[in-house]
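Taking it in order: structure first as structure tokens, then the write-up.
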Amino acid sequence: MSGPSAVTRDGSVPSAASSQGRTRAMEYRRRLGRTFLEDGRVMLEGLKDAIAQLGGESSDSGAPVDQAFRYAHSLKSEASFLGLTPLFERAHALEEYLALVRDADLERIGGVATLVAAAKEVQNAFEEAERTVREQSHTPELSAGDGRRHNAGPVEPRPGGLHRLSRFERRVLREAEEHGERLYRIRCEIVDPEPMLYARIYLVVGNLERIVNVVKTNPPVEEVTDALRSFEILCTSEVDPEVIASAIDVAAIENVRVEERSYEVLYAAADEEDDGYTSGFSAGIRRVDLSLPTRKYERVCLYTDELRHELDLVYHAVSNDKRLQGTALQRRLQTASRMAAVVERAVSETAIVRLYGVFDELQALVAQLGRELGKLIRIRTSGGELGVFLPLARILSEVLAHLVRNAADHAIESPEERAASGKSEYGEIRVTAQLEGQSLVIRVQDDGRGLDEDWARERYRKLFLTEPPETLLATLATPGFTTRDEGSDHSGRGVGLDTVVHAVETVLGGTVKLATHAGDIGNGDHNDRAGEAAHRRKDRFGVTFELHLSRGTRLVSVLVARFGDQVFAIPASEIVETVRIDPRYLSHDHHGNTYYRLNAEVLALYSVAPVERLEQLDGSRLYGVVTLLRDRRVVILVEDLISEETVARDEQRHDHVYSQTLERSVRLIVPLQLRV
């Protein structure tokens, strides 16, 4: 919502959510005032101690000046939020003196005496502020034992804490959803804990209440202690995530991540969290964790997919037969198909992970790259609530790390370059994921210098002495092509983008797109107020990579092999062992079936292509893949073992997979479907 006014922007009466938000904001303000009285005294004492050190014999004045500046800035920030103008002005004046001390000799401002006098003015203004705050909150003077517990133990966000919704919180969310507001999860980190942290959390929430409806915090604000290192906020709003992030401009609060969430996903998570299952033999047990061998688990996943597919085929075949329509057989098949869908969903969810985990890794990577490259870089992510198949998440993690590393190293300019070109000193990388039709689309964008296509093509000619490919993406993804004369520890060695394209287009069966021009996103000061920042934002990016993947992408590990003129793949989870076939141990029964004796065990033999006399095959190149078929072992005959691969299921043909080695689709043999 737009703020704590009596009516919304469109003139309508504010919802229960916004009314509740204003009430909470007032309570936050009162609590902040009480906390301010307690922590402000601590800050004043620290300020006086730091200034006293400047008058000592130590030649190193840097640390005391920084400490004093920090205390003065904190007092100014809190005074600004509480509307304590005299204290704000005195603290700001002291801050200006300290800034001069940082840049020049202390004597240039009149020595320590000037700072002492300015600090005295701050103390007088604070005492006046104490009286104002007590009058506003009708609270008697707090003793040292009042208020929060500074030495309380660590308090961290509880896993899933935002999902535990009360009945009122659910109603607030329903109303916000009906009003068309978007749902956001905000996560902040405290990178430089200091006194008044408790007050700073209130300040963050108070700032947010002007433009959003805060539904829940994790941990609850009243439980915050100075040991806190991160916290989460669940809110709803009509504004964009960039505007929300801009509103959080509080000292010591960094790495702000604003992610749009799905109401449906949140409700589902809350229902699961609050599932009061009180019936059946597992009554009273909230969760059951099972432990399975990896091979068995992969077989369960594989055959669950196959079961659903086979039932759907049979059901559609029966439905298309007019003689069977409306019969008991059709109804039973329909019921069985629905049951299979429930089982498939339950099994699939065990292998589905949210993209939050992948995005968290990128946050850590960007922080590390910023330090190593000497750049100021922020990363914004959205769409982390979307789920992907676990093996897909692992590949995406590597792909996105490549793209983010390239953006940080190549595209984002140094703070000096950005300032000279009128940009914010902070470069921005944005990673977003969303569903578009039947595709999962992930975009990696930066606001860097962009890339000149003509320059890239000319560089290609110089490097390879030949004409570049038709598209810029193909040019950049050519193995060995680099935009730098020398590689760095992070990128620029002629590898990386070709790996990205191969992983997305060949391994995952998706597509990669590229757009580039001079970036201009976030042009201006990041400290501008939310409305101004939103007004000036142009949403232009230097380079944009788009990864398009099928929503149903599932990967399977296989062995690709050949027998005769047939090439096929066998799921790795179905392979017990691979043996060399000795034709001397082949035998036949009177029905014409062929067997192979392996370690005193006689196994049925299966071949994908007909052969007249197995004994005439070249035994030096004959292999057998031992697998299980209905609780008995069988041997699949193979002449060439081509490769072991992790591949995507073919969307058009369920019984095929795409082999990266052969660069074509091959038949997938699922042992339980064999007729031996």
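A short reminder: the numbers here are calculations on the coordinates, not readings from a lab. All values reported here derive from a predicted model rather than from experimental measurement. Reconstructed Cβ throughout: ideal geometry from the backbone, glycine too, with neighbour counts over all protein chains shown.
With neighbour counts taken as other beta-carbon atoms within 10 Å, the residues ILE352, ILE233 rank, fewest first, as ILE352, ILE233. Packing here is the average count of other Cβ atoms within 10 Å per residue, and on that basis the peptides 626-633, 260-267, highest first, run 260-267, 626-633. Computed from backbone phi, the HN-Hα couplings of region 325-331 come to 5, x, 7, 4, 4, 5, 5 Hz, rounded to whole numbers (Karplus: 6.51 cos²θ - 1.76 cosθ + 1.60, θ = phi - 60°; Gly and Pro given as x). The alpha carbon centroids of region 624-659 and region 561-582 are separated by 6 Å.
Sorted fewest first by neighbouring Cβ atoms within 10 angstrom, HIS654, HIS163, HIS316 come out as HIS316, HIS654, HIS163. In terms of its C-alpha gyration tensor, region 555-673 comes out prolate, because a/c is 1.5 or above and the ratio a/b outweighs b/c.
Take peptides 499-510, 171-182 and line them up by average Cβ neighbours within 10 Å, highest first, as a rough protection proxy. Don't jump to the answer; show the numbers that get you there.
Numbers: 499-510: 19.1, 171-182: 17.2.
Sorting 499-510, 171-182 by mean packing, highest first, produces 499-510, 171-182.
Neighbour counts of other Cβ atoms within 10 Å put THR236, THR516 in the fewest-to-most order THR516, THR236.
Only Lys, Arg, Asp and Glu count, each charged at its Cβ (+1, +1, -1, -1), so figure out the dipole size of region 289-356 about its Cα centre, rounded to 20 debye. Numbers along the way, then the final one.
Numbers: 11 positive and 9 negative charges, 50 e Å.
Using Cβ point charges on Lys, Arg, Asp and Glu, region 289-356 gives about 240 debye.
Residues whose amide H comes within less than 5 Å of that of ILE377, counting only those at least five positions distant or on another chain, are GLY427 (H built at 1.01 Å from N in the peptide plane).
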